Amino acid sequence: MTVAQKIADIEAEIARTQKNKATENHMGVLKAKLAKFKRELLESSKSGSKGEGEGFDVSKSGDARVGLIGFPSVGKSTLLNKLTETFSEVAAYEFTTLTCIPGVVRHKGAKIQLLDLPGIIEGAKDGKGRGRQVIAVGKTCNLILIVLDATRPMTDKLVIERELEGFGIRLNKQPPDIIVKKKEKGGIFVTRTCSTPYLSDETITAICKEYKMPNADVTLRSNCTADELIDILEGNRAYIPCLYVLNKCDELNIEEINILSRIPNTIFVSADLEWNLKGLVERVWDELDLIRVYTKPRGQAPDYNEPVVLPRKKCSVENFCNRIHKQIMKDFKHAIVWGMSVKFNPQKVGKDHWLIDEDIIQIIKKI
């Protein structure tokens with residue numbers, strides 16, 4: 001029996017099994033087996049496919065990477081052409097774009113790499129079309145823009161989400177607060193800091209043993225499902241923010257726009273007519289959650305033309321120095337900062353000081 005057949009059999013068994021407390025352990029084990037077989041299928045396809053990923057090896061550049069994912073002929077290439085100085089072929093037929101075409105969006109001094117990816121189809125996660133290459137590039141992005149035809153958004157949205165989910169991409173989700181530590185003996189010991197657990201200790205033990213982990217300490221700091229525990233044990237999931245870009249909104253009436261605007265994380269644009277493209281770029285900037293830090297050489301004015309752009313979650317002085325050059329911290333003495341992150345302007349700070357947007361910084365080295 002092939003791996004694909006085993007996957008189909010397990011999916012069929014999950015579908016016909018009633019979900020209740022009595023079947024919780026069995027369902028957990030089935031889901032663990034399914035995740036393992038899917039990983040095995042993906043790994044075997046990677047090793048056995050030569051040249052299949054040609055044209056998708058696009059090196060990262062700029063301050064952040066944003067991927068355009070969607071079905072064929074929804075306007076991804078037109079968006080790339082309008083937002084960047086890059087040309088991506090546009091035509092009325094499907095699959096005009098057959099490879100990954102990068103462009104750069106310049107906004108607030110930052111350089112954001114925008115990737116126009118080939119259109120995916122249903123079954124992409126299982127190898128149809130060039131879906132695996134498309135989704136694999138999506139895993140490397142800081143933000144995914146799912147481009148939808150505004151005249152038929154919901155069906156396409158659900159299919160694309162299912163394809164990305166099947167490839168280990170978790171959209172607009174945070175990693176579950178679960179810590180699993182292997183140990184030599186002692187069995188499975190579960191510690192919880194939350195009440196009314198979703199998973200019993202027996203189910204957690206069964207899932208861990210399915211991963212050949214008979215001895216481990218499992219700490220749950222929030223309620224989690226079997227799927228979330230499996231994600232942690234797999235260890236290869238990507239948690240990426242996502243915006244749903246409803247293109248061709250000029251073909252909708254006001255009532256339709258009001259209904260579709262209730263979908264979370266959506267933005268309406270018309271690439272052809274260049275409607276709301278500036279709003280899209282602003283929304284991308286907000287979702288990326290970046291900050292700009294300006295450098296000030298000693299005795300000179302700050303350089304406002306080329307800010308150092310950092311993720312807000314990694315904006316310490318040490319991370320700032322490492323972004324410029326990793327050797328700086330070896331000779332680092334202290335930094336002088338002007339801006340809203342300090343009480344006095346200027347103020348001397350250490351490497352652990354947290355910077356905020358539009359701070360000015362001067363690095364002082366050891367003599």
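Of these, LEU83, LEU41, which one is under 30 Å from ILE230 (Cβ atoms), at pLDDT 65 or above, of a type in the set (A, V, I, L, M, F, W, C) and not assigned by TED's automatic domain parsing to the domain that holds ARG323?
On the way: LEU83 fails: under 30 Å from ILE230 (Cβ atoms).
Going through LEU83, LEU41 in turn, the sole match is LEU41.
Looking at (1) at pLDDT below 90; (2) farther than 22 Å from ILE267 by Cβ; (3) of a type outside the set (Ser, Thr, Tyr), which is the only condition GLY109 fails?
Of the numbered conditions (1) at pLDDT below 90; (2) farther than 22 Å from ILE267 by Cβ; (3) of a type outside the set (Ser, Thr, Tyr), the odd one out for GLY109 is (1).
For the subset of the stretch 337-349 comprising residues that are in a loop (DSSP other than H, G, I, E, B) and in contact with a strand residue (DSSP E or B) (Cβ under 6 Å, 6 or more places away or on another chain), which member is surrounded by the fewest Cβ atoms within 10 Å (Cβ to Cβ)?
My answer is ASN345.
Under 6 Å by Cβ, and 6 or more places apart or on different chains, what pairs join a residue from the stretch 156-176 that is touching a residue at least 12 places away in the same chain (Cβ under 8 Å) with one that is loosely packed, with under 15 Cβ neighbours inside 10 Å?
Once the first residue is touching a residue at least 12 places away in the same chain (Cβ under 8 Å) and sits in the stretch 156-176, its partners that are loosely packed, with under 15 Cβ neighbours inside 10 Å give GLY168/ASN236; ARG170/TYR239; LYS173/TYR239; PRO175/TYR239.
Test each condition in (1) over 30 Å from ASN172 (Cβ atoms); (2) of a type in the set (A, V, I, L, M); (3) assigned by TED's automatic domain parsing to the domain that holds VAL105 for VAL284 and report the one that comes out false.
(1)
Here's the yes/no breakdown for (1) modelled with pLDDT under 90; (2) in a strand (DSSP E or B); (3) exposed (fewer than 14 other Cβ atoms within 10 Å of the Cβ); (4) touching a helix residue (DSSP H, G or I) at 6+ places or on another chain (Cβ under 6 Å):
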residue	(1), (2), (3), (4)
ALA136	yes, no, no, no
ILE144	no, yes, no, yes
MET154	yes, no, yes, no
LEU158	no, no, yes, no
GLU163	yes, no, no, yes
ARG170	no, yes, no, no
LYS173	no, no, no, no
PRO176	no, no, no, yes
VAL190	no, yes, no, yes
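Determine whether the stretch 277-290 contains at least one residue that is more than 22 Å from ILE160 (Cα to Cα), basic (Lys, Arg), buried (at least 17 other Cβ atoms within 10 Å of the Cβ) and at pLDDT 95 or above.
no
The values are calculated or read from the model by the stated rules, or taken from the named source; none is laboratory data. Small disclaimer: the values here were computed from a predicted structure and weren't measured. We place every Cβ from the backbone using ideal geometry, glycine too, and count neighbours over all the protein chains shown.
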